[in-house]
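Below: one structure, written as structure tokens.
The values are calculated or read from the model by the stated rules, or taken from the named source; none is laboratory data. Everything quoted here is computed from the prediction, not taken from an experiment. Please note: Cβ atoms are built from the backbone with ideal geometry, for glycine as well, and neighbour counts cover all protein chains shown.
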Amino acid sequence: MGLGSIAFSAILAADDARAGVLSPRPQQLPAKAKHCIFLLMEGGPSHIDTFDPKPKLDQLHMTKFQKAVNKFEANMNTGERYYVKSPFQFRRAGQIGIEMNSSLPNLADCVDDMCFYRGLKAESVNHPTALYHLNTGNQFGGDPAVGAWVSYGLGTVNQNLPSFVVLPDVAYPQGGSANWSNGFLPPHYQGTPLRPAGSPILDMTPPPGVTSSRQRAGLDFLKTLNQSHQQRHPDHADLAARMESYELAFRMQAEMPGVVDISKESKEMLALYGIGGPNKDADALGRRCLLARRLIQNGVRFVQVINMGWDSHDYIDTAHGVRLAALDKPVSGLLKDLKRTGLLDETLVVWAGEFGRSPDNGIRRGSTAWGRDHNANAMSVWLAGGGAKRGAIVGATDEVGGSAVEVVHPLRDFHVTLLRLLGLDDARLRYLHAGRDKQLSQVGGEWIPQLIG
């Protein structure tokens, strides 16, 4: 009798959610992708040292560079600057024959399912503003994240889990939680961060002595009080969101423990993601990538996986070398696993940092400690699955990697393209705020047809 009433109350609460802002919505445009996993490489990975090598730099190594890459570096670096070559080896991979870092042998097996885009330009070389721009379309923060826009446009599939989940690294990226904010959208659409170590969610199970019926009764009483308050203050959207968050937390206690528990995965599956191996960084990233697959598989709409440590101003051979070694198995494992299960067709995977790196460095001539500085004029990103073009290299940078020169687009066009791949039209996905309709691209943009299969 008690369990029946609890179940009935939970069903009613779920029906309330479906009838409201979180209900599933049809795509605005025909598209394959129903979910998105966004792999954020915080710090700005070097395109020159990963997927866009520049042999010309071998010839120019330690020759004087005449001008700074951008105004930021002109102000910050008053000393002499020199071209620096890549310390890494490269190999051709896949039928597309892309030259990529040899430290990524497992990812090399996946390149024919990937679309590499070399024509993207950012607008800021300051980490927080560049991250805000990549994640929200606004350099100054305060706007909804891409995941929030996707949740707003498509709703949620599984009423027992958040629609937008964030899997941080050991620390939050620069700019903090504003990178996954709901901004001016209703609070229901904000990202839900899970803890990187230990239990992903604290208090996932009720404390000893608190039964489900007692917990349900408490929530019902609280809901009655909140509803009474809401009737007197109908414009307080935060209260409605808080009421729904209580209900979602209650429903999550039934489903989330099974989703985040990867112990039931086979040894072969864990090894595919680099989990349990000697590389602890790969183990940690592998767990987040595997959890991202499990969340998508259970109906979560948008998952962002954050990988820190790509800001390599010096000793890039060591700094990027560590990141690449940690990246290879987890990300390749994710792509292979999604393809094996058939989820890759309906899941868009995005890999990007907030900007690229420069072909020069402000170091002492002859130093072996070179790295690369920030560069908004050229960056490489890649897409896989979800209707993105397979086995393609789109765009190009100049002979030293300083600027994008072919199929050049700003970030807003990339955002418009991501929305289109998910069946959303940036021109129609709008929200009235502060007296005008607002959108992810800020002022509108064009999609990049070369990235869509």
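Looking at 369, 396, 352, 384, which one is under 21 Å from residue 42 (Cβ atoms) and in contact with an Asp or Glu (Cβ under 6 Å, 6 or more places away or on another chain)?
384
Note down all Cβ pairs under 7 Å where the first residue falls in segment 377-394 and is within 15 Å of residue 348 (Cα to Cα), the second is among the small types (Gly, Ala, Ser) and outside any strand (DSSP E or B), and they're at least six residues apart or on different chains.
Every condition considered, the pairs that remain are 386/33; 387/31; 387/33; 387/453; 388/453; 389/453; 390/453; 391/94.
Run down 92, 118 and say which single residue is among the basic types (Lys, Arg), modelled with pLDDT of 95 or more and either under 30 Å from residue 168 (Cβ atoms) or part of a loop (DSSP other than H, G, I, E, B) (or both).
Result of the check over 92, 118: 118.
If you scan segment 414-438, which residues turn out to be in a loop (DSSP other than H, G, I, E, B) and touching a strand residue (DSSP E or B) at 6+ places or on another chain (Cβ under 8 Å)?
422, 430
Can you name the residue in segment 388-433 that is over 22 Å from the mean Cα position of the chain (by Cα) and of a type in the set (S, T, N, Q) and, of all such residues, is surrounded by the fewest Cβ atoms within 10 Å (Cβ to Cβ)?
Out of the qualifying residues, it is 403.
Looking at segment 269-279, which of the residues that are assigned to a helix (DSSP H, G or I) and free of Cβ contacts under 8 Å to residues at least 60 places away in the same chain is surrounded by the most Cβ atoms within 10 Å (Cβ to Cβ)?
Restricting attention to segment 269-279, the residues satisfying the condition of being assigned to a helix (DSSP H, G or I) are 269-272.
Filter once more, keeping what is free of Cβ contacts under 8 Å to residues at least 60 places away in the same chain: 270-271.
On the way: 270: 19, 271: 15.
Within segment 269-279, the match that is surrounded by the most Cβ atoms within 10 Å (Cβ to Cβ) is 270.
Yes or no, residue by residue, for (1) under 26 Å from the mean Cα position of the chain (by Cα); (2) among the acidic types (Asp, Glu); (3) modelled with pLDDT under 90; (4) more than 26 Å from residue 286 (Cβ to Cβ):
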residue: 162; (1), (2), (3), (4): yes, no, no, no
residue: 170; (1), (2), (3), (4): yes, no, no, no
residue: 178; (1), (2), (3), (4): yes, no, no, yes
residue: 193; (1), (2), (3), (4): yes, no, no, no
residue: 197; (1), (2), (3), (4): yes, no, yes, no
residue: 202; (1), (2), (3), (4): yes, no, yes, no
residue: 207; (1), (2), (3), (4): no, no, yes, yes
residue: 251; (1), (2), (3), (4): yes, no, yes, yes
residue: 262; (1), (2), (3), (4): yes, no, no, no
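How about segment 304-327: which of its residues are among the charged types (D, E, K, R) and under 19 Å from residue 287 (Cα atoms)?
Of segment 304-327, the ones among the charged types (D, E, K, R) are 311, 314, 317, 323.
The one that is among the charged types (D, E, K, R) and under 19 Å from residue 287 (Cα atoms): 323.
Could you list, in sequence order, the residues of segment 142-154 that are of a type in the set (Gly, Ala, Ser), modelled with pLDDT of 95 or more and not in a helix (DSSP H, G or I)?
145
Regarding segment 111-126, can at least one residue be identified that is aliphatic (A, V, I, L, M), within 19 Å of residue 290 (Cα to Cα) and surrounded by fewer than 24 Cβ atoms within 10 Å (Cβ to Cβ)?
No - not one qualifying residue is present in segment 111-126.
Which residues, taken from segment 350-387, are under 19 Å from the mean Cα position of the chain (by Cα), within 17 Å of residue 411 (Cα to Cα) and in a strand (DSSP E or B)?
Residues satisfying the conditions are 350, 351, 352, 353, 356, 379, 380, 381, 382, 383.
Assess whether residue 139 counts as being free of Cβ contacts under 8 Å to residues at least 24 places away in the same chain and either outside any loop (DSSP other than H, G, I, E, B) or touching a His at 6+ places or on another chain (Cβ under 7 Å) (or both).
yes
Consider residue 12 against the criteria (1) assigned to a helix (DSSP H, G or I); (2) modelled with pLDDT of 95 or more; (3) loosely packed, with under 13 Cβ neighbours inside 10 Å: it satisfies all of them except one. Which criterion is unmet?
(2)
Which condition number does residue 105 fail, the rest of (1) of a type outside the set (A, V, I, L, M, F, W, C); (2) more than 23 Å from residue 405 (Cβ to Cβ); (3) at pLDDT below 95 being met?
Exception for residue 105: condition (3).
Go over the candidates 292, 319, 282 one by one and state the one that is within 18 Å of residue 87 (Cα to Cα), touching a residue at least 40 places away in the same chain (Cβ under 8 Å) and not in a loop (DSSP other than H, G, I, E, B).
It is 319.
Please list, ordered by first then second residue, the pairs with beta carbon atoms under 6 Å, 6 or more apart or interchain, first in segment 78-106 and of a type in the set (Asp, Glu), second modelled with pLDDT of 95 or more and assigned to a strand (DSSP E or B).
Pairs found: 99/90; 99/92.
Across segment 15-45, what is the total count of residues that are under 24 Å from residue 179 (Cβ atoms), at pLDDT 85 or above and either touching a His at 6+ places or on another chain (Cβ under 7 Å) or not hydrophobic (A, V, I, L, M, F, W, C) (or both)?
Of the residues in segment 15-45, 6 are under 24 Å from residue 179 (Cβ atoms), at pLDDT 85 or above and either touching a His at 6+ places or on another chain (Cβ under 7 Å) or not hydrophobic (A, V, I, L, M, F, W, C) (or both).
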